[in-house]
1. Scan the range 48-78 residue by residue and report those that are on the phi < 0 side of the Ramachandran plot, outside any strand (DSSP E or B) and within 14 Å of the ligand (Cβ to nearest atom).
2. Can you confirm whether residue 74 is under 16 Å from residue 9 (Cα atoms), exposed (fewer than 11 other Cβ atoms within 10 Å of the Cβ) and of a type in the set (A, V, I, L, M, F, W, C)?
3. For the range 63-86, how many residues are touching a His at 6+ places or on another chain (Cβ under 9 Å) and modelled with pLDDT of 90 or more?
4. Residues in the range 1-23 that are over 19 Å from residue 80 (Cβ atoms) and not in a helix (DSSP H, G or I): how many?
Amino acid sequence: MKRIDFSKVIGWLGFILRCPICSYKYKLQNIRVIESQEDEQSNEARILIHSDCEKCKSSVMFNIDISGPEIFSVGTITDLTGKDSAKFRKYLPITVDDLIVIHQSLKQFDGDLVKALR
Ligand SMILES: [Zn+2]
């Protein structure tokens, strides 16, 4: 299989994707690839993109799955900016242990925020 030219895919997405909040057509310069994977054996590719709406200022992340001639897209509204998405991409996912630590901390929290932040 010929490798997928992601810049062409983004150009195509910029042509068809619209903001799910206000239906404004996205501008190509506001679309950023967060992550991409390509499997030449199975003829499949996946792209995670972030887009900011110029009109209503909302942000949406789209997961695009390409499987041969078929393309599936799922959009999720997010409060992450494009810069945030790039920043948090480097971090590991939150684990159950992380949640237990937060739960225990909140259980012991006495309500004094100034004391907690020292
Ligand atoms: Zn919008």
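The values are calculated or read from the model by the stated rules, or taken from the named source; none is laboratory data. The structure presented is a predicted model; accordingly, all values stated were derived computationally and were not measured. Methodologically, a virtual Cβ is constructed for each residue, glycine included, from the backbone with ideal geometry; neighbour enumeration extends over all protein chains shown.
1. So in the range 48-78, the residues on the phi < 0 side of the Ramachandran plot come out as 48-56, 58-67, 69-78.
This time we only want the ones that are outside any strand (DSSP E or B), so: 53-56, 58, 69.
53, 54, 55, 56, 58, listed by residue number.
2. Working: under 16 Å from residue 9 (Cα atoms): yes; exposed (fewer than 11 other Cβ atoms within 10 Å of the Cβ): yes; of a type in the set (A, V, I, L, M, F, W, C): yes.
Answer is yes for this residue.
3. 1
4. So the count comes out to 7.
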